[in-house]
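The values are calculated or read from the model by the stated rules, or taken from the named source; none is laboratory data. Being a predicted model, the structure only gives us computed values, none of them experimental. Note that each Cβ is placed from the backbone with ideal geometry, even for glycine, and that neighbours are counted across all protein chains shown.
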Amino acid sequence: MKIDLSKAVCIIQSGHVVGIPTETVYGLAADAFNLDAVEKTFRLKGRPSDNPLIVHICSTDQLKMLAIDIPESAYQIAEQFWPGPLTLVLNKNHRVPDVVTGGLKTVAVRMPDHPLTLELIRQTGPLTAPSGNRSGQPSPTKASHLHEDYKGELPVLDGGISTIGLESTVLDLTLSPPAILRPGAIDPAEIFRKTGIQVTQISSGSSASLKSPGTRYTHYKPNAIVEWIDTIPATFLPDIYYIYHTMNPGIKKRNVISYQGNFEKLAQNLYDHFRTADHLSYRKVQIECLPPSEKSHLIGALSDRISKAIG
Ligand code: AMP
Ligand code: MG
């Protein structure tokens, strides 16, 4: 059900959960300091309790409420990238309930780039907000996705379509050198260019990737089988949903999508395509193999999400 900002403030303050818009994906917001509200989020989403939540803030001053031993690099990075799709992992302040961090001694924090959600946080204080999908499924990038996932029963603040469409980059500043635990729209090259800070990328499956509990679970999966494709077939089968980004399929059909090199649009629409494929009962989604990461700052994140959807 759609609600306005003042209603969203009331619901959060009375310890309940609200669907909120962000520029990455829609989230399930709760008061980060209210244990019951945070536990409700885990239950609603069906999220394993050891997969921690990102806490969303509206000003850098709020960092001290959540973290301790905050390095200078956190402020340098925040100045360049916040509000924006970059989450920082820092040592946790004891005031943050352990349930928020899945028992970890660190906390993940981000300032989202969405005016409605920033105003909400101004009125409620820091909010935990995992991606709003049910655990394992594609994230919501529109209010209507949350209405479908929760059968219209979740109060949702509608802020339009998420402009980026993929979850934030997660950067762990407690590691030396700092390491990206989850790729997103902000890549190591951009972090270096804007701050001079060198960060490494942890490859999924490595033992270091255990630092990010979320990597242990299946993610982003539609019911349809997802596969890579590296050709344009002679005939397009009616039960396959084809997504091309570079090759030109030379045909316009409901199940043949083409982005002609526009990786921003592909990222924005990826989960919507997964959801559409399921609504229309396609058996498979075939996605053109991605080019090397130099082609776009989004390739790392797209490759991560699509590979996990393939499983
Ligand atoms: P989501 O809420 O679906 O965007 O997922 C949040 C991601 O942030 C998951 O991959 C979590 O494992 C990761 N995350 C949250 N808190 C921490 C933390 N303290 N340390 C490492 N990763 C974290
Ligand atoms: Mg998620």
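Quick notes on this structure:
- Of all the numbered requirements in (1) within 16 Å of ligand 2 (Cβ to nearest atom); (2) in a loop (DSSP other than H, G, I, E, B), residue 174 misses one, and that requirement is (1).
- The listed residue being over 18 Å from residue 272 (Cβ atoms), small (Gly, Ala, Ser), assigned to a loop (DSSP other than H, G, I, E, B) and more than 14 Å from ligand 2 (Cβ to nearest atom), out of 159, 152: 152
- Residue in segment 37-46 that is assigned to a loop (DSSP other than H, G, I, E, B) and surrounded by 17 or more Cβ atoms within 10 Å (Cβ to Cβ) present: no
- Which numbered condition residue 211 misses (of (1) under 21 Å from the mean Cα position of the chain (by Cα); (2) at pLDDT 95 or above; (3) not acidic (Asp, Glu)): (2)
- Only listed residue being at pLDDT 95 or above, surrounded by 15 or more Cβ atoms within 10 Å (Cβ to Cβ), among the basic types (Lys, Arg) and within 23 Å of residue 140 (Cβ to Cβ), chosen from 284, 265: 284
- Candidates 77, 121 - the one that is assigned to a helix (DSSP H, G or I), farther than 28 Å from residue 3 by Cα, among the β-branched types (Val, Ile, Thr) and modelled with pLDDT of 95 or more: 77
- Only residues that are part of a loop (DSSP other than H, G, I, E, B), polar (S, T, N, Q) and away from ligand 2 (no atom under 14 Å from the Cβ) were counted across segment 47-66, and they come to 2.
- Candidates 83, 52, filtered to the one that is closer than 22 Å to residue 183 by Cα and within 11 Å of ligand 1 (Cβ to nearest atom): 52
- Residue check, residue 251 farther than 17 Å from residue 310 by Cα, free of Cβ contacts under 8 Å to residues at least 40 places away in the same chain and β-branched (Val, Ile, Thr): yes
- Checked against the criteria, residue 235 does not count as within 26 Å of residue 297 (Cα to Cα) and not in a helix (DSSP H, G or I).
- Residue tally, condition over 16 Å from the mean Cα position of the chain (by Cα), within 16 Å of ligand 2 (Cβ to nearest atom) and not in a loop (DSSP other than H, G, I, E, B), over segment 1-36: 1
- Within segment 250-260, the set of residues being at pLDDT below 95 and either within 28 Å of residue 24 (Cβ to Cβ) or not in a strand (DSSP E or B) (or both) comprises 250, 251, 252, 254, 260.
- Scanning segment 134-149 for residues that are within 21 Å of residue 110 (Cβ to Cβ) and either of a type in the set (Ser, Thr, Tyr) or assigned to a loop (DSSP other than H, G, I, E, B) (or both) gives 135, 138, 139, 140, 141, 142.
- Summed over segment 100-159, residues that are touching a Lys or Arg at 6+ places or on another chain (Cβ under 8 Å), within 16 Å of ligand 1 (Cβ to nearest atom) and more than 23 Å from residue 267 (Cβ to Cβ) total 5.
- Taken residue by residue, segment 234-250 has at least one member that is within 25 Å of residue 170 (Cβ to Cβ) and in contact with an Asp or Glu (Cβ under 7 Å, 6 or more places away or on another chain).
- Consider segment 268-280 and keep the residues that are in contact (Cβ under 8 Å) with a residue 40 or more places away in the chain and surrounded by fewer than 21 Cβ atoms within 10 Å (Cβ to Cβ). The one that is nearest to the chain's Cα centre (by Cα) is 268.
- Remark: pairs (first residue in segment 47-67, more than 21 Å from residue 219 (Cα to Cα); second residue more than 16 Å from ligand 2 (Cβ to nearest atom) and of a type in the set (D, E, K, R); Cβ separation under 7 Å; 6+ apart in sequence or on different chains) = 58/122; 65/95; 67/92.
- Being away from ligand 1 (no atom under 13 Å from the Cβ) and over 24 Å from residue 103 (Cα atoms) holds for only one residue in 64, 7, and it is 7.
- Of the residues screened, residue 78 is not one that is within 16 Å of ligand 1 (Cβ to nearest atom), closer than 28 Å to residue 297 by Cβ and touching a Leu at 6+ places or on another chain (Cβ under 9 Å).
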